[in-house]
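Colleague: To start, I am sharing the structure in question, which I have written as structure tokens.
The values are calculated or read from the model by the stated rules, or taken from the named source; none is laboratory data. Predicted model, so just to flag it, every value in this text is computed and none were measured. Every residue, glycine as well, gets a Cβ built from its backbone with ideal geometry; the counts of neighbours run over all protein chains shown. Accessible surface is based on the protein model in full, side chains and every heavy atom, while ligands, DNA and RNA are left aside. Shrake-Rupley method; radii C 1.70, N 1.55, O 1.52, S 1.80 Å.
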Amino acid sequence: AESAPADLVIEEEKTSISDIQWIDIPAILVFWVLAVVVFLQFFTRYVLNDSLAWTEEVARYLLILVCFLGSISAVRRGGHIALEFFIRMVPAAYGKAMAVVAELITFALYGALTIIGFTLINKTRQKMVTLPVPKAWIYAICVAALAAMTVYSAILLWRKVRQKPEDLIADFDKHLTTD
């Protein structure tokens with residue numbers, strides 16, 4: 001490590017679960033249910049040579065739920081992927097304006113998807129193919145996640161509007177990673 005260039009030196013970071021809040025728990029629980037279902041699918045298919053028909057469909061919907069519920073945590077932390085290059089290259093006032101506009105677009109997207117999702121829930125009458133569970137229930141959880149993302153995006157938007165331009169850019173720089 002002493003002879004490696006500075007860009008190649010990777011320092012260990014301690015993992016902390018101190019940032020987990022109650023809103024993150026559903027994603028964690030659904031993730032573990034997904035892990036059990038996928039293991040059950042593997043076990044019955046390759047060990048017992050007689051797979052359970054419902055595991056593939058349930059795993060598919062659980063993966064969708066993990067994505068939507070996990071996105072709540074990402075929005076809450078402000079951790080979604082963003083192009084911050086230009087925000088850092090322009091003067092701080094312009095960078096703040098760009099960050100606010102980007103968050104406003106994100107907020108509008110989540111809000112629009114929430115409204116569209118309600119329409120989808122009301123029009124869906126189908127059930128899963130292998131289980132007697134209405135697909136509308138799955139969609140309802142996704143829409144609830146979108147609504148939560150909308151709320152957290154509104155909070156982030158409000159914070160960005162109230163923050164000084166220099167502090168906003170400093171926050172971007174604080175989270176800068178080179179990997």
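Colleague: Under a point spin-label approximation (7 Å from Cα along Cα-to-Cβ), what is the Val33-Glu57 distance to one decimal in nm?
Modeller: 1.6 nm
Colleague: Could you work out how far helix 165-174 tilts from the main Cα principal axis of the chain, as a 0 to 90 degree angle to the nearest 10?
Modeller: 60 degrees
Colleague: Lysine pairs in the chain with alpha-carbon atoms under 18 Å apart, 8 or more places apart or on different chains: how many are there? Could you put the intermediate results ahead of the total?
Modeller: Values: Lys14/Lys174; Lys96/Lys160; Lys96/Lys164; Lys96/Lys174; Lys123/Lys135; Lys127/Lys135; Lys160/Lys174; Lys164/Lys174.
Final tally of qualifying lysine pairs is 8.
Colleague: When only alpha-carbon atoms are used, what values of Rg and Dmax, in angstrom, describe region 39-179?
Modeller: For region 39-179, the Cα-based Rg and Dmax read 20.4, 64 Å.
Colleague: Over region 60-119, what percent of the accessible surface lies on carbon and sulfur atoms, probe 1.4 Å?
Modeller: Here it works out to 79 percent.
Colleague: In region 81-137, what is the volume of the convex hull around the alpha carbon atoms, normalised per residue and reported in Å³? Don't skip to the end; give the middle numbers.
Modeller: Numbers: hull volume 5.0 nm³, N = 57.
Dividing the Cα hull volume of region 81-137 by its residue count gives 88 Å³.
Colleague: Could you point to the residue in Val90, Met149, Leu113 farthest towards the positive end of region 1-150's charge dipole, with +1 and -1 charges on the Cβ of Lys/Arg and Asp/Glu respectively?
Modeller: After comparing all options, I get Leu113.
Colleague: Next question. Taking Cα atoms, how many degrees apart are the long axis of helix 25-42 and the longest axis of the chain, rounded to 10 and kept between 0 and 90?
Modeller: 50 degrees
Colleague: Here is a further query. Quick one: which residues, 5+ away or cross-chain, put their amide H under 5 Å from the amide H of Lys127? H built at 1.01 Å from N.
Modeller: For Lys127, whose amide H was placed from the backbone, the distant partners under 5 Å are Lys135.
Colleague: Next question. Could you look at region 121-172 and say what percent of its accessible area is carbon and sulfur, using a 1.4 Å probe and all protein chains?
Modeller: The nonpolar share, carbon plus sulfur, comes to 63 percent.
Colleague: Let me ask you something else. What area, in nm² and to one decimal, does the C-alpha convex hull of region 51-94 cast on average over all directions? Don't jump to the answer; show the numbers that get you there.
Modeller: Numbers: hull surface 18.4 nm².
About 4.6 nm², averaged over all directions.
Colleague: At a threshold of 8 angstrom on Cα-Cα distance, excluding pairs fewer than six apart, so keeping six or more, what relative contact order does region 18-62 reach in percent?
Modeller: Working: 23 pairs, mean separation 16.4, N = 45.
Worked out over region 18-62, it gives 37 percent.
Colleague: Whole percent per 10 Å bin, from 0 to the bin with the longest distance: what is P(r) over all C-alpha pairs of region 113-153?
Modeller: Using 10 Å bins, I get a P(r) of 32, 46, 19, 3 for region 113-153.
Colleague: Moving to a separate point now. For the chain, what is the accessible area per residue in Å² when the probe is 1.4 Å?
Modeller: Counting only protein heavy atoms, the per-residue value for the chain is 72 Å².
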